[in-house]
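None of the figures in this text is laboratory data; all of them are computed from the coordinates on show. A quick note: this is a predicted structure, and the numbers were derived from the prediction, not measured. Heads up, the Cβs are rebuilt from the backbone with ideal geometry, glycines too, and the neighbour counts pull from every protein chain shown.
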Amino acid sequence: MTKFKLNGDSNIGSQVTLTSFMVGGMDDAGQVNLGYEASEEYTKDKNVCIGCQKKNTGNSAILNLPDETFLTRRGPYRSKPKFKEWLTDKAKNGCTKKVLCKRVPILAWLPTYSLDTAVCDLVAGITVGLTVIPQAIAYANIAGLPPQIGLYSSFMACFVYAIFGSCKDSPIGPTAISGLLTRENIHGLGAPAATILCFLSGCVVFLMGIFQFGFLIDFISGPVSVGFTSAAAIIIATTQMKDILGLPYPGGDFVVVWEQIIQHISEASFYDTALGVTTILVLLSLRSIKNIQFGSSENEKKPMHVFLNKLIWLISTARNIILVCVTAGLAYYFDVNGSQPFRLTGYIKPGLPEVKPPSFEVNMGNKTQSFIEVTSTLGSGLLVVPLLTILENIALAKVFSEGKAIDATQEMLALGVCNIASSFVQSMPVSGALSRGAVNNASGFLTPWFSYIPKASLAGVIIAAVVFMVELQVVKPMWKTKKSDLIPAAATFLGCLLLRLEVGIVLGISINVIFLLYQSARPSVHVEKLTTSLGCDYLLITPDRSLAFPSVEYVRSIVSKAGIKQGSSSTPVVIDAKHIQAADFTAAKGIKSLIDDFHKRSQPIFFFNLKPSVSSIFQGVGPKEFVHCNTYEELNRLLQLHCKNGICKTKNESSHEIIDLNL
C-alpha cells in the first residue's frame, strides 16, 4: 500500500502532500497530480477514486491507495503490446540508418576516408605485415599445426574486421594464446579439427553477440585474467624450450615438456641452443632501442635526427622479420655448403589457400571421424575458446580506444564473423593481437624461402614476445589493495600451469563466485547507539547492501542480538535501509519474522530510508506492525512518541498498522 496524507481541511479539493514518497508530478496550478486524469472512466471506478480510504486526524488525513492504481499512467489505460506488435517495433527500430552504421561501421567511416589516411594505412600494413610472417609461423608451431596454417590465419580476418569492427586499430589474426588454446582442445586431430574449432568458435561468438551474452566476460575478474595470461605465457615459453635446445620430442603440457627436457638434456644441440639464446638477446635489445631519440627537443631536431629516429623505430618494429631473415640466410648458407647445424622449419606449402567451406570430417589414418565425434572431442573448448578470444579482443580494443566506450556486442559480432570467414581458408581460431595492426596477404608467395627458418630462431621470437605477458608487476598492487584477490589469481595460475587452461579459468571463476556469495550472505551490519536531542535513546543499525535469501537470516540474527544485548529488549531499534536497493520473498519473510520477534517483547522497530519498491515487498507478506519513515523529522517524532508512550495507530483494511506522525 502507498501512504500519503492530506493537509488542511478534509474536503475533496484539499492540496495533497506526500509524507513518504511521491509518484506522479505537479500540474500547471502547482498541485500534486496523482498520475491519472479525473475522467468519467476513473470516477466510475470505486477502487481508484471513491474507494480511496481517508482517515481524519484533526488537520490531516491518511489515504491508502493500491500501488498498482497509484502507479497508473496518465490518460486512458495502456495495455502491454502484443508479441507481434513488439516484434514489429523491434524490426522497425533495427532497420534504421543509425543501426546499420553501428552494425556495419565501414559505412560510417568510408565516406570520409582520405588519401592521406590511405597512405598511412599502407605504410602501417607493410611495416606490421613484416612482423606477421614470423609470428604466424611461430603461432602455428605453438598450436602443433603445419606452418602454413599460421599464414592462412593471418589475412582473411583482417579484411572482415575492417568491415564489421568497431576499433580501427584492433588487429585480428593468430595469437599465442589462441594457438595454445587450439593445441589443448583439438587433442592431436590436426589442421582439419583446428578449422572446425575456428568455425564453431565463430558461430558461438556471433550468437553471443546477437543475444548480448557479453556479461559472461564480467565473471572473469582482473586477478583471474592475470593468472591465466601469466600461466599461458609460461606454458608457451616452455613448449618452445625443446626447439631452443634442439630436442625433437613432442609435448605441449608444462609438466610433460620439462620432464622430457630433464630426461634428454644431454641430447641438446649446441648450435640450436646458441642460436636460440642469441635470438632472444638480440630481440630484447632491438625492442629497447625504440626509446632512443636523437635531438633533445623538437626545435633542435634536424632532418637527419628525424630520419634516424624513424629508422630506429622501423628496425625495432620489424625486429622479428629482420632476425628471421638473417637466421634463414645463415641456414641457407650452411645448406648450400653441404652442412646444416640447425633444425629447420621444413617445407611450407606455397601459395594462398583455396577458399572453400570447412570440412566437417577429420581423417586420421584409416579412420574418419564424423562431425559429431569431432565436436565431442573438442568438448569444453567450444565454450572456452570463444570466451577467451572475446576477452582477449575486447581487452585489446580497450587499449586502442583512447578512453572511448567499447561496444562489446559489436566486437563479438565482428569477431564471430571473422572466425567464420577465416574457417573458409583453413584457419585456426583468431583474435586480436597487440603486436600487429595489419597483415601482408602476399606473404604466401614467399613460402619457399621460409623453409630455411631455423626452429630455434622462431622459438626465440615467441619467448621474447611472451616473456612480457607474465604480469608479476600486479602482485604488489593486489597485496596493497585487497590481499584476497591473490587467491583466485594464484589458483588460476597454478590450475592453468599444472592442469589445463580451462580448468584454471573455471577454478579462478569459482573462487570469485564463492567470495561473492559469501559477501552476499554475510553483509556488514553497523550498530550504533544514539540519543535524540530530546533525550530518547535508540539503536541505529545499518546493513551495507541489499537483502536476499542468503543474508536475511544473518541480518535478522545480528539485529535481534543487538536489540536484546545493546538495547536491553526495550530501546527502539531503527534500521537505516539507505543501502537496501532490493529484496526478495525470502528476505520479506525474514523481516516479518524479525518484526514479530520485536513485537513479542514489545520492543519498537522502525525502518528508515526504505525504498518504495522494497517497502511493497515487505508489506506483501503481511507483517503485524510495519512502521517506516523517510525523513529525520518523522523519525524524531516516532522516537518522541515512544518515549512519551503515546503512539496513536490507525488500521487500514489490510491490517497493516500505519503511524500518523502529525499527532
Report summary line: Taking a crude spin-label model, label points 7 Å out from Cα along the C-beta direction, the Leu308 to Ile372 distance in nm is 7.0 nm
Report summary line: With a Förster distance of 41 angstrom and the Cβ-Cβ distance between Asp218 and Ser602, calculated FRET efficiency to the nearest 0.05 equals 0.30
Query raised in the report: Which order do peptides 418-428, 570-580 fall in by mean Cβ count within 10 Å, highest first?
Result: 418-428, 570-580
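Whole-Å semi-axes of the range 133-178's equivalent ellipsoid, largest first, each the root of 5 times a Cα gyration tensor eigenvalue?
Numbers: eigenvalues 94, 20, 11 Å².
Working through the eigenvalues yields semi-axes of 22, 10, 7 Å.
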Query raised in the report: What number, in nm² with one decimal, is the all-direction average of the projected area of the convex hull of the alpha-carbon atoms of the range 136-208?
Result: 4.9 nm²
Requested in this report: Could you give me the percent of Cα pairs per 10 Å distance bin for the range 222-355, shortest bin first, beginning at zero and ending with the bin that holds the maximum distance?
Outcome: 10, 25, 29, 23, 11, 3, 0
Report summary line: Expected vector for the range 521-533, Karplus 3J(HN,Hα) from phi with 6.51, -1.76, 1.60 and θ = phi - 60°, integer Hz, x for Gly and Pro, equals 7, 10, x, 7, 10, 8, 10, 9, 9, 10, 9, 6, 5
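For the pair Phe159 and Lys349, what calculated FRET efficiency results from E = 1/(1 + (r/R0)^6), where r is the Cβ-Cβ distance and R0 = 25 Å, to the nearest 0.05? All intermediate terms of the calculation are to be shown ahead of the outcome.
Values: r = 21 Å, r/R0 = 0.85.
Efficiency, rounded to the nearest 0.05: 0.70.
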Query raised in the report: Highest mean first, what order results for 597-603, 376-382 on Cβ atoms within 10 Å?
Result: 376-382, 597-603
Query raised in the report: Which value in Å does the Kirkwood hydrodynamic radius of the range 532-579 take, with 1/r averaged over all unlike C-alpha pairs and then inverted?
Result: 11.6 Å
Report task. Once you have the Cα-Cα distance between Ala268 and Ser616, take 0.36 nm times their residue separation minus that, and quote the gain in nm to one decimal. Result -> 117.8 nm
Requested in this report: Between beta-carbons, use under 12 Å as the cut-off and find the net charge around Val574, counting Lys and Arg +1, Asp and Glu -1.
Outcome: -2
**Report entry** In Å, descending, principal axis extents of the Cα set of the range 179-221
**Finding:** 32, 23, 12
Requested in this report: For the range 361-368, take each phi angle, set θ = phi - 60°, evaluate the Karplus expression 6.51 cos²θ - 1.76 cosθ + 1.60, and give the result in whole Hz per residue in order, putting x for glycine and proline.
Outcome: 10, 10, 9, 10, x, 8, 10, 10
**Report entry** For the range 165-248, alpha-carbon Rg and Dmax in angstrom
**Finding:** 15.8, 48
Query raised in the report: What is the extension gain from Phe585 to Asp116, computed as 0.36 nm multiplied by their sequence separation minus the C-alpha to C-alpha distance, in nm to one decimal?
Result: 162.6 nm
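Report, in listed order, any pair from Lys98/Lys168; Lys301/Lys404; Lys242/Lys398 with a Cα-Cα distance greater than 25 Å. Before the final figure, lay out each step's value.
Details: Lys98/Lys168 19 Å; Lys301/Lys404 33 Å; Lys242/Lys398 35 Å.
Over 25 Å apart, Cα to Cα: Lys301/Lys404; Lys242/Lys398.
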Query raised in the report: Karplus couplings for the range 154-163 from phi (6.51 cos²θ - 1.76 cosθ + 1.60, θ = phi - 60°), rounded to Hz, Gly and Pro as x?
Result: 9, 10, 6, 4, 5, 5, 5, 5, 4, 8
Query raised in the report: Points 7 angstrom from Cα along the Cβ direction at Lys483 and Lys290: gap in nanometres?
Result: 3.9 nm
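Would you mind getting the Kirkwood hydrodynamic radius of the range 276-409 from its Cα pairs, rounded to one decimal in Å?
Evaluated on the range 276-409, it is 21.1 Å.
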Query raised in the report: What number in nm² do you get for the range 458-602 if you take the convex hull of its Cα atoms and divide its surface by four?
Result: 13.3 nm²
Query raised in the report: What ranking, highest mean first, results for peptides 629-641, 330-342, 155-167 when packing means the other Cβ atoms within 10 Å averaged over each residue?
Result: 155-167, 629-641, 330-342
Report summary line: The answer for the per residue Cα convex hull volume of the range 326-382, in Å³, is 201 Å³
Query - Amide H contacts under 5 Å for Ile605, placed H, 5+ residues apart - result: Val573
**Report entry** FRET efficiency, 1/(1 + (r/R0)^6) with R0 60 Å, evaluated for Leu383 and Glu625 via beta carbons
**Finding:** 0.70
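Less than 13 Å Cβ to Cβ from Leu189, Lys/Arg counted +1 and Asp/Glu -1: what total charge do the surrounding residues give? Please list the in-between numbers first.
On the way: positive: Arg183, Lys367; negative: Glu184, Glu361, Glu373.
Value of the local net charge: -1.
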Report task. Could you check the simple spin-label distance between Ala490 and Trp109, using points 7 Å along Cα→Cβ, in nm with one decimal? Result -> 4.4 nm
